[in-house]
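Q: Quick one: the structure is below, questions incoming.
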Amino acid sequence: WYGNVVEPANIPHASKRNLAFEILQGDYGEDKLAGILLIQEILVPANLINCQRDVPLFAKLFSNGYIYEWNTCDWFVSKS
């Protein structure tokens, strides 16, 4: 299966952003943390998060109940 591994550098930027938001919609806090760290460590430094464009996506995470408990909310606001 090693031949099927995709190098992160070869993943399109939009797919990286979509992946982060999909991970944040997971059921477990650990999954949500992975999405937050993807945003913090990869997307923000690469300028792949645009505040004007992406605020509605972030807002949906809250309004749809994906970020609701204190730990995920704390990680999200302090790391993103």
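The values are calculated or read from the model by the stated rules, or taken from the named source; none is laboratory data. Everything quoted here is computed from the prediction, not taken from an experiment. Because the Cβ atoms are built from the backbone with ideal geometry, glycine has one as well, and the counts that use them run over all protein chains shown. Side chains are part of the model used for accessible areas, which takes the heavy atoms of the whole protein and leaves out ligands, DNA and RNA. Shrake-Rupley method; radii C 1.70, N 1.55, O 1.52, S 1.80 Å.
Q: Where nothing but the Cβ of Lys and Arg (+1) and of Asp and Glu (-1) is charged, how large is the charge dipole of the stretch 10-80 around its Cα centre, in debye to the nearest 20? Mind showing how you got there, number by number?
A: Working: 6 positive and 8 negative charges, 67 e Å.
Dipole of the stretch 10-80, to the nearest 20 debye: 320 debye.
Q: How much accessible surface does Asp27 have with a 1.4 Å probe, in Å² rounded to 10?
A: Counting only protein heavy atoms, the figure is 130 Å².
Q: For the stretch 36-78, what is the convex hull volume of the alpha-carbon atoms per residue, in Å³? Present the calculation step by step, with values, prior to reporting the outcome.
A: Numbers: hull volume 2.8 nm³, N = 43.
Spelled out: Cα convex hull of the stretch 36-78, divided by residues, is 65 Å³.
Q: Continuing with this model, one more query. Cβ under 14 Å from Arg53's Cβ, Arg53 left aside: what net charge do those residues give with Lys, Arg +1 and Asp, Glu -1?
A: On the way: positive: Arg17, Lys60; negative: Asp54.
In short, +1.
Q: Placing +1 on the Cβ of each Lys and Arg and -1 on the Cβ of each Asp and Glu in the chain, which of Tyr66, Gly29, Ala9 has its Cα farthest towards the positive end of the resulting dipole?
A: So the residue furthest toward the plus end is Ala9.
Q: Using a Förster distance of 25 Å, how high is the FRET efficiency between Tyr28 and Leu48, based on the Cβ-Cβ distance and rounded to 0.05? Intermediate results must be reported in sequence, preceding the final value.
A: Numbers: r = 24 Å, r/R0 = 0.98.
With a Förster radius of 25 Å, E is 0.55.
Q: Follow-up question, since we're still on this one. Work through the residues other than Ala14 whose Cβ is under 12 Å from its Cβ and net out their charges, Lys, Arg +1 and Asp, Glu -1.
A: Values: positive: Lys16, Arg17, Arg53; negative: Asp54.
Net charge in that neighbourhood comes out at +2.
Q: In square nanometres and to one decimal, what's the mean projected area of the convex hull around the Cα atoms of the chain? Numbers along the way, then the final one.
A: Details: hull surface 23.3 nm².
So the mean shadow area of the Cα hull is 5.8 nm².
Q: Would you list Ile39, Ile49 from the most to the least accessible area, probe 1.4 Å? Don't skip to the end; give the middle numbers.
A: Values: Ile39 0, Ile49 35 Å².
Sorted descending by solvent-accessible area, the residues read Ile49, Ile39.
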